[in-house]
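One structure is given below, encoded as structure tokens.
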Protein chains: 2
Amino acid sequence: MIDFPLGKAFTLMEPGPVILVTTRDGGKNNVMTISWTMVLDFTARFALTTGRWNHSYAALTRTGECVLAIPTLDLLDTVVGVGTCSGREVDKFARFGLTALPARQVGAPLIAECLANIECRVVEIIAPHDIVVLQGVAAHIDENRRERRLLHAVGDGGFVADGRRFDRRGAMRDKLPDGV
Amino acid sequence: MIDFPLGKAFTLMEPGPVILVTTRDGGKNNVMTISWTMVLDFTARFALTTGRWNHSYAALTRTGECVLAIPTLDLLDTVVGVGTCSGREVDKFARFGLTALPARQVGAPLIAECLANIECRVVEIIAPHDIVVLQGVAAHIDENRRERRLLHAVGDGGFVADGRRFDRRGAMRDKLPDGV
């Protein structure tokens, strides 16, 4: 994992991939699968929605920290497995063979098997909607990874992998933030 | 366009596609391109983030209504075009050859060329983050459409079309809401 510019971290989330969110609470790592996320601004500010009933919700609230880890197509069954059991009963890092790496600015771990990781602090939890507002504080990418296709959850048990890429940079130049 | 069950409308948004958002204000239709969206719950509640400087923001605020229209790969250059000009200066429906169809419950139009349309009412605007909370009230799909690959914006001028689909319905059964 090498440093990834924080000012470009939104480009990891804007495509709308299903992600893994790690937390560390009471000396224990946990991870959940989340597909309800959104970019809030180019400073690497994000929102995600999760329920109070999730084990990770308590850790997010207590520690105010997490890592958004971006998996790729080869991790599809890990993503599904992580999303269908609870950290209350299972050590998910052990069960799914995930490698926790130390983050730089937060206690929650990076996931070595993922394409990228964004370290985040909780800015605010907007209670009536369970929207968690996050500020990215560091980002990392595995530059040597071959499989880079992201996964998109449909919500009905189906998933879609990235297909063809199209460049419209020229037409969009005026809309892109500096340095992106 | 035929009716699409509102209880499944979240499956149109959960994959994280770039969408078109229509509004109608003062007798004029407008449309913007948005990729910062998120599902909030299975009742067809959504969030999107947009800036106060956008022409559509005023219409959203004043009318409290919009339509989330889901374009597909064949509409890539329409999506880019709509996203790089303003309704202040341009009639975007005319310029991009989009056909406005009457919605059932809101004043904002459906877009005939899109795969699906979700009629929405504004529930709340969470001011400090410019998060617009929307409640879907009706949904429509073009069942005869051949091109159904969604588009995902990367944020750097690149776009990615849907690729291969994978079914993990069996593994996820306990996590799916009834009827989905």
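The values are calculated or read from the model by the stated rules, or taken from the named source; none is laboratory data. Note that this is a predicted model, so its numbers are computed, not measured. Methodologically, a virtual Cβ is constructed for each residue, glycine included, from the backbone with ideal geometry; neighbour enumeration extends over all protein chains shown.
Quick notes
- Restricting attention to segment A:82-99, the residues that are among the β-branched types (V, I, T), more than 14 Å from chain B (Cβ to nearest Cβ) and closer than 18 Å to B:D174 by Cβ total 1.
- Residue within segment B:131-143 that is in a loop (DSSP other than H, G, I, E, B), farther than 30 Å from A:N54 by Cα and either at pLDDT below 95 or more than 7 Å from every other protein chain (Cβ to nearest Cβ) (or both) present: yes
- Residue within segment B:109-116 that is facing chain A (nearest Cβ under 8 Å), within 30 Å of A:D74 (Cβ to Cβ), surrounded by 14 or more Cβ atoms within 10 Å (Cβ to Cβ) and at pLDDT 95 or above present: no
- Breaking point among (1) buried (at least 19 other Cβ atoms within 10 Å of the Cβ); (2) more than 8 Å from chain A (Cβ to nearest Cβ); (3) in contact with a Ser or Thr (Cβ under 6 Å, 6 or more places away or on another chain), for B:E147: (1)
- Matching residues, segment A:38-81, being free of Cβ contacts under 8 Å to residues at least 60 places away in the same chain, more than 14 Å from every other protein chain (Cβ to nearest Cβ) and outside any helix (DSSP H, G or I): A:G64, A:E65, A:V67, A:A69
- Residue in segment A:36-48 that is among the hydroxyl-bearing types (S, T, Y) and within 18 Å of A:L115 (Cα to Cα) present: yes
- Exclusive hit being under 26 Å from A:H152 (Cα atoms) and either of a type in the set (G, A, S) or in a loop (DSSP other than H, G, I, E, B) (or both), set B:R146, B:R88: B:R146
- First in segment B:145-156 and β-branched (V, I, T), second anywhere and not in a loop (DSSP other than H, G, I, E, B), Cβ under 6 Å, 6 or more apart: B:V154/A:T11
- Given (1) at pLDDT below 95; (2) within 14 Å of chain B (Cβ to nearest Cβ), number of the condition A:V18 does not satisfy: (1)
- Every residue from segment B:117-136 that is surrounded by fewer than 23 Cβ atoms within 10 Å (Cβ to Cβ) and either touching a His at 6+ places or on another chain (Cβ under 9 Å) or over 17 Å from B:L20 (Cα atoms) (or both): B:V123, B:E124, B:I125, B:I126, B:A127, B:P128, B:H129, B:D130, B:V133
- A:T23 vs. criteria surrounded by fewer than 24 Cβ atoms within 10 Å (Cβ to Cβ) and either modelled with pLDDT under 95 or of a type in the set (S, T, N, Q) (or both): no
- Of the residues making up segment B:155-180, those that are more than 7 Å from chain A (Cβ to nearest Cβ), of a type outside the set (D, E) and either surrounded by 12 or more Cβ atoms within 10 Å (Cβ to Cβ) or in a loop (DSSP other than H, G, I, E, B) (or both) are B:P177, B:G179.
- In this structure, A:K92 does not satisfy being out of contact with any strand residue (DSSP E or B) (no Cβ under 8 Å at 6 or more places or on another chain), of a type outside the set (S, T, Y) and either modelled with pLDDT of 95 or more or buried (at least 19 other Cβ atoms within 10 Å of the Cβ) (or both).
- Evaluation of B:C120 against the conditions (1) more than 9 Å from chain A (Cβ to nearest Cβ); (2) in a loop (DSSP other than H, G, I, E, B) shows that the sole unmet condition is (2).
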